[in-house]
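First the structure, in the form of structure tokens, and then the observations on it.
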Amino acid sequence: MTEVELKVRPIKNGTVIDHIAAGQALNVLKILGIFGTSDATVSVVMNVASGKLGKKDIVKVEDRELKEEEVNRIALIAPAATINIIRNFNVVEKRNVDLPNEIVKVVRCQNPSCISNTSEPISSRMTVKTKNPVLLRCVYCEQLLTERIADYLI
Amino acid sequence: MFKKRHVLTMREFSRDEIDSVIELASSLEPYARGKKSSMLEGKILALLFFEPSTRTRMSFETAMKRLGGSTINLGSAEASSVAKGESLADTIRVIGGYADAIVIRHPKEGSARLASEFSPVPVLNAGDGAGHHPTQTLLDLYTIKKESNLDDLSIALVGDLKYGRTVHSLAYALSLYGADISLVSPPALRMPEAIKADLSSKGTHVYETSDLTEVIEQIDVLYMTRIQRERFPDPLEYQKVARSYRLTPEFLAEAKKTLIVMHPLPRVDEITPAVDSTPNARYFHQSFYGVPIRMALLKLLMGGDND
Ligand SMILES: [Zn+2]
């Protein structure tokens, strides 16, 4: 994120997620579990011109410093995203997202015959086979999921 | 060598682990043929078949009884009432309190993995939907080892290679042994690309054809599978395909003398009864070998000290 963009609508404290693939901002919020009903102040900027991606989305979450493990899951749909932790208008920490080896309760299995798509008391669990491109394997039925991952967000 | 708590998929087996199961099965063969044993005396095996597979169930039951243990069964009526009401997780927790190990067959893929997460005792997967059936693969490998040779093997997998989980799992396991694999199927029933890619990435030589005559002279093992009528919308097309994949003694005349013919059974028309009396037929040996293989797994999972 450039200094200029930060100054457009700076936040005092919180987290700025930058370099989200254009069109994926709302899915990022979904993965983070931030919905209209939560009380966080959230700004979403979509289709901003960006040298790196052509166009990009930006999400700013005020007064909340997102933890590494909650943020890493967004690498599923926005592998180039960068996380900026803001304190008193300053970027105090900047990092990239890195997909963990296992994804729990984020993506459901696309196999309709999978036991994880029933009312059994289990959570969807995916092993990350490769990170780039993202290739997931259901822990239960071993079905692979690689395309249209956003369609299967829980 | 064998440290597993459950037997769920072939993917979790290393070659060393497969070898140790095969070795133990071989030493248990006399007991599988009737020699008295009390190795698992006092142990109880629960057989939870949520869909019918009488033969697999009987094979497990035989294996347990030959080792001196006993079995409890989920009747078909209970299976269907469970399927409607109680969760599988709860059923497993309850039955896990009665038995020393659980064998499960269930129509949903991944159900054996779920069972293993809730069971206080070892779980053996006897088939989960279109998913895995590892004991079938292990008995296939055992048959090859006993009746042919697992090293430098050239094998043809014939029939429905698209939907047949047996052949997917077997092909994967054979890749651990560096086998040369010929995939022989009608074009519409070819093995899925992802599975072939997985085999090639392990250095396995894979050859694909729809004509068995191309490979019959070179192979050591001919593994036949059933081509299901339902896969073909056009009955005439099915007839044509079924005819071209029907094994006869005349056809076997082209093969090596030592060739063995395998089939997971039941067969329909793909092996004519006249093949049964050729020296190549091994499919009935193969089904028997399911007993020592399952005995070996039961013993490995349930311990049993008094041998
Ligand atoms: Zn699944």
(message) Can you report the number of residues in the range A:101-132 which are within 14 Å of chain B (Cβ to nearest Cβ) and in a loop (DSSP other than H, G, I, E, B)?
(response) 13
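May I ask you to list the residues in the range A:136-151 that are at pLDDT below 90, within 11 Å of another protein chain (Cβ to nearest Cβ) and more than 8 Å from the ligand (Cβ to nearest atom)?
Restricting attention to the range A:136-151, the residues satisfying the condition of being at pLDDT below 90 are A:142-151.
Pick out the ones that are also within 11 Å of another protein chain (Cβ to nearest Cβ) and you get A:142-144, A:146.
Passing the criteria: A:LEU144, A:THR146.
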(message) Checking A:ASN88 against (1) more than 14 Å from chain B (Cβ to nearest Cβ); (2) modelled with pLDDT of 90 or more; (3) within 15 Å of the ligand (Cβ to nearest atom): exactly one of these is not met. Which one?
(response) (3)
(message) When the residues of the range B:95-110 are narrowed to those that are within 14 Å of chain A (Cβ to nearest Cβ) and without any contact (Cβ under 8 Å) to a residue 24 or more places away in the chain, which ends up nearest to B:LYS4 (Cα to Cα)?
(response) B:GLY110
(request) Filter the range A:101-113 for residues that are within 10 Å of the ligand (Cβ to nearest atom) and either polar (S, T, N, Q) or closer than 13 Å to B:LEU88 by Cβ (or both) and give the result. (result) A:GLN110, A:ASN111, A:SER113
(request) Please go through the range B:206-227 and pick out each residue that is under 20 Å from B:THR137 (Cβ atoms) and of a type outside the set (Val, Ile, Thr). (result) B:ASP220, B:LEU222, B:TYR223, B:MET224, B:ARG226
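Would you check if A:ILE154 is exposed (fewer than 13 other Cβ atoms within 10 Å of the Cβ), at pLDDT below 90, more than 14 Å from chain B (Cβ to nearest Cβ) and within 16 Å of the ligand (Cβ to nearest atom)?
Details: exposed (fewer than 13 other Cβ atoms within 10 Å of the Cβ): yes; at pLDDT below 90: yes; more than 14 Å from chain B (Cβ to nearest Cβ): yes; within 16 Å of the ligand (Cβ to nearest atom): yes.
Yes, satisfied.
Please give the strands (runs of 3 or more DSSP E) falling wholly within the range B:101-173 in which 3 or more residues are under 15 Å from the mean Cα position of the chain (by Cα).
Values: elements: B:101-106, B:123-128, B:154-158.
Result: B:101-106, B:123-128.
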(request) All but one of (1) within 16 Å of the ligand (Cβ to nearest atom); (2) buried (at least 21 other Cβ atoms within 10 Å of the Cβ) hold for A:SER124, so report the exception by its number. (result) (2)
(request) May I ask you to verify whether A:ARG95 is modelled with pLDDT of 95 or more, farther than 30 Å from B:ASP90 by Cα and of a type outside the set (A, V, I, L, M, F, W, C)? (result) no
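If you take the residues of the range A:94-121 that are more than 22 Å from the chain's Cα centre (by Cα) and of a type outside the set (Ser, Thr, Tyr), which of them is surrounded by the fewest Cβ atoms within 10 Å (Cβ to Cβ)?
Of all residues in the range A:94-121, those more than 22 Å from the chain's Cα centre (by Cα) come to A:111-121.
Restricting the remaining residues to those that are of a type outside the set (Ser, Thr, Tyr) gives A:111-112, A:114-115, A:117, A:120-121.
On the way: A:ASN111: 22, A:PRO112: 8, A:CYS114: 24, A:ILE115: 27, A:ASN117: 19, A:GLU120: 19, A:PRO121: 11.
Here the residue is A:PRO112.
To keep it simple, each residue is scored yes or no on (1) touching an Asp or Glu at 6+ places or on another chain (Cβ under 6 Å); (2) assigned by TED's automatic domain parsing to the domain that holds B:VAL241; (3) buried (at least 16 other Cβ atoms within 10 Å of the Cβ).
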| position | (1), (2), (3) |
| --- | --- |
| B:ALA171 | no, yes, yes |
| B:TYR177 | no, yes, yes |
| B:PRO187 | no, yes, no |
| B:ASP198 | no, yes, yes |
| B:HIS205 | yes, yes, no |
| B:SER210 | no, yes, yes |
| B:GLU214 | no, yes, no |
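When the range A:73-83 is examined, which residues are found to be surrounded by 20 or more Cβ atoms within 10 Å (Cβ to Cβ) and of a type outside the set (D, E, K, R)? Spell out the reasoning first.
Our first condition is that a residue be surrounded by 20 or more Cβ atoms within 10 Å (Cβ to Cβ); within the range A:73-83, this holds for A:73-78, A:81, A:83.
Within the range A:73-83, A:ILE74, A:ALA75, A:LEU76, A:ILE77, A:ALA78, A:ALA81, A:ILE83 qualify.
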(request) Go through B:SER38, B:SER53 for me and flag whichever is small (Gly, Ala, Ser) and farther than 24 Å from B:PRO264 by Cβ. (result) B:SER38
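Residue-by-condition table, conditions (1) among the basic types (Lys, Arg); (2) farther than 17 Å from B:ASP152 by Cβ; (3) in contact with a Lys or Arg (Cβ under 7 Å, 6 or more places away or on another chain):
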| residue | (1), (2), (3) |
| --- | --- |
| B:PRO187 | no, yes, no |
| B:MET191 | no, yes, yes |
| B:ASP198 | no, yes, no |
| B:SER201 | no, yes, no |
| B:HIS205 | no, no, no |
| B:GLN218 | no, no, no |
| B:MET224 | no, yes, no |
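The values are calculated or read from the model by the stated rules, or taken from the named source; none is laboratory data. Predicted model only: the values in this text are computed from it and were never measured. A quick note on method: Cβ atoms are made from the backbone with ideal geometry, for glycine too, and the neighbour counts reach across all protein chains shown.
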